[in-house]
Amino acid sequence: MWHLLLHLIRPLLSAAKDELAERNEENFVHVVNPKKFIGHIGKMGYFKYADITRIPELENSLTWSLVENRGLTSIADKNSGTPYDYRIYEFNAQNLLEKGGVISVVKPLKKTFDKLMIPLLWTNESVTFNKDETEYRISLNGKEYPLYKGSRDSAKRAGLIKSKVVDMLNDQLKISGSDERIYLTSTINEGRIVFLTKKMYSYISEVIKNRHIKPMDVKAWSMWNQLI
């Protein structure tokens, strides 16, 4: 009888454990020291692309965001929209679904690629419709990348294209020999992309546990959004 009872309550205990873990993620701010956190990523070069006069402003904004449990944040130039730290960009997947959408997302990132002294030249973006199937392709720095081939009505289409765009950009960063990579935050239709070195990403991942706001690599982000 005890074995039967244990068999029945085990799923309930597992669900309660998962719920508690999720709550702990949401409350990560209680164990974060913003001053220590910002000082540490600063030593790793987080602000090295920023104008030195903007760093105090960026640090204050980041402090507020951490206290409010909103994760990493930046401040963008009002005219150009370029983030002062050259690291964090808005990335709405809905913009990717039409011809010209991929370029509209990639184009602003050229400011950061310029800082890294890496070319970012896009050509031959194509969206092909064949019955119920859609195919997206683009060439970046002379290399062609297939971004999506499948159903036009797939609920996963925007997310899959988004992940492939980040894979494409990371491939170019790798080809150039840069130690920077692009990571994703939040859900498919919202969120941002963040330029981080692997060392920064490792540290930030240890501190920020909330999956709704933490940066994730493409595989982890895709799994969390149930794309794979």
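The values are calculated or read from the model by the stated rules, or taken from the named source; none is laboratory data. No experiment lies behind these values; they were computed from the predicted model shown. Don't worry about glycine lacking a Cβ; one is built from the backbone with ideal geometry, like all the others, and counts go over all protein chains shown.
Filtered by the rule that a residue be out of contact with any Leu (no Cβ under 8 Å at 6 or more places or on another chain) and either on the phi > 0 side of the Ramachandran plot or touching a residue at least 60 places away in the same chain (Cβ under 8 Å) (or both), the stretch 117-134 gives Met117, Asn124, Lys131.
Can you tell which of Asp179, Asp171, Asp167, Asp114 is modelled with pLDDT of 95 or more, surrounded by fewer than 18 Cβ atoms within 10 Å (Cβ to Cβ) and touching a helix residue (DSSP H, G or I) at 6+ places or on another chain (Cβ under 6 Å)? Result of the check over Asp179, Asp171, Asp167, Asp114: Asp167. Val194 meets all of the listed conditions (1) surrounded by fewer than 22 Cβ atoms within 10 Å (Cβ to Cβ); (2) at pLDDT 95 or above but one, namely (1). Filtering Leu109, Leu120 for residues that are part of a loop (DSSP other than H, G, I, E, B) and within 16 Å of Leu173 (Cβ to Cβ) leaves a single hit, Leu120.
List the number of the failed condition for Asp132; all other conditions in (1) of a type in the set (D, E, K, R); (2) within 20 Å of Leu109 (Cβ to Cβ); (3) in contact with a Lys or Arg (Cβ under 9 Å, 6 or more places away or on another chain) hold. Of (1) of a type in the set (D, E, K, R); (2) within 20 Å of Leu109 (Cβ to Cβ); (3) in contact with a Lys or Arg (Cβ under 9 Å, 6 or more places away or on another chain), only one is false for Asp132: (2). Of the candidates Arg137, Arg157, the single residue that is surrounded by 16 or more Cβ atoms within 10 Å (Cβ to Cβ) and free of Cβ contacts under 8 Å to residues at least 24 places away in the same chain is Arg137.
Listed by position, the helices (runs of 4 or more DSSP H) enclosed by the stretch 1-97 that each have at least 2 residues that are at pLDDT 95 or above, out of contact with any Leu (no Cβ under 7 Å at 6 or more places or on another chain) and assigned by TED's automatic domain parsing to the domain that holds Leu147 are 34-43, 55-67.
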